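Reading through the structure tokens given below for one structure.
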């Protein structure tokens, strides 16, 4: 799933549960793996090496392709954060408000596994190795819709819309 989906779902769950920061973080983290277990589409990253046939050895090569991939990833994360801010309207007046917000920690928990995956590509030490093994297992390649460039993104957009409409109806 994209970072946008992970952030909206993590925030949405924290709002639904009226979660404290720790619970919101755990809910976001757990939801990341549940979502990744569902057949889904991921946008291509050209800076990857090692291929999907050997995901435990995969790396992201720093270079021209990496810069474009990084811009894609940043845009995806910012889209998710923007949707969260627009839809759930958290009242952040200070840094303390942000750091004590369940919504913020739901977003962090939802996106964190993908950032840890990048750290694994660069560091390849425990506990990142165990984490990458689990993350790769959840992402079983038979569950991918990467060759479905219409239905894959459409399903993720539908999931975001569902989450956006479900949360207010449940409050």
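Residues that are at pLDDT 85 or above and either in contact with a strand residue (DSSP E or B) (Cβ under 8 Å, 6 or more places away or on another chain) or closer than 24 Å to residue 18 by Cα (or both) were ranked within the stretch 146-156; the one that is surrounded by the fewest Cβ atoms within 10 Å (Cβ to Cβ) is 155.
Scanning the stretch 2-18 for residues that are closer than 21 Å to residue 152 by Cα and either at pLDDT 95 or above or surrounded by fewer than 24 Cβ atoms within 10 Å (Cβ to Cβ) (or both) turns up 3, 4, 5, 6, 7, 8, 9, 10.
One residue stands out among those in the stretch 20-45 that are closer than 26 Å to residue 122 by Cβ and at pLDDT below 85: the one that is surrounded by the fewest Cβ atoms within 10 Å (Cβ to Cβ), which is 44.
With respect to residue 65, is the statement that it is at pLDDT below 95 and assigned to a helix (DSSP H, G or I) true? Yes: the conditions hold for residue 65. Please find, within the stretch 94-119, the residue that is nearest to residue 3 (Cα to Cα) out of those that are more than 16 Å from the chain's Cα centre (by Cα) and either in a helix (DSSP H, G or I) or modelled with pLDDT under 90 (or both). Ranking the qualifying residues of the stretch 94-119, first place goes to 102. Screening residue 130 with (1) buried (at least 18 other Cβ atoms within 10 Å of the Cβ); (2) free of Cβ contacts under 8 Å to residues at least 40 places away in the same chain gives one miss only, at (1).
Right, residue 52: over 21 Å from residue 152 (Cα atoms) and either modelled with pLDDT under 85 or assigned to a loop (DSSP other than H, G, I, E, B) (or both) or not? Criteria not met by residue 52.
The values are calculated or read from the model by the stated rules, or taken from the named source; none is laboratory data. Keep in mind that what you see is a predicted model, and the values were worked out from it rather than measured. Counting neighbours? That spans all protein chains shown, and the Cβs are built from the backbone with ideal geometry, glycine included.
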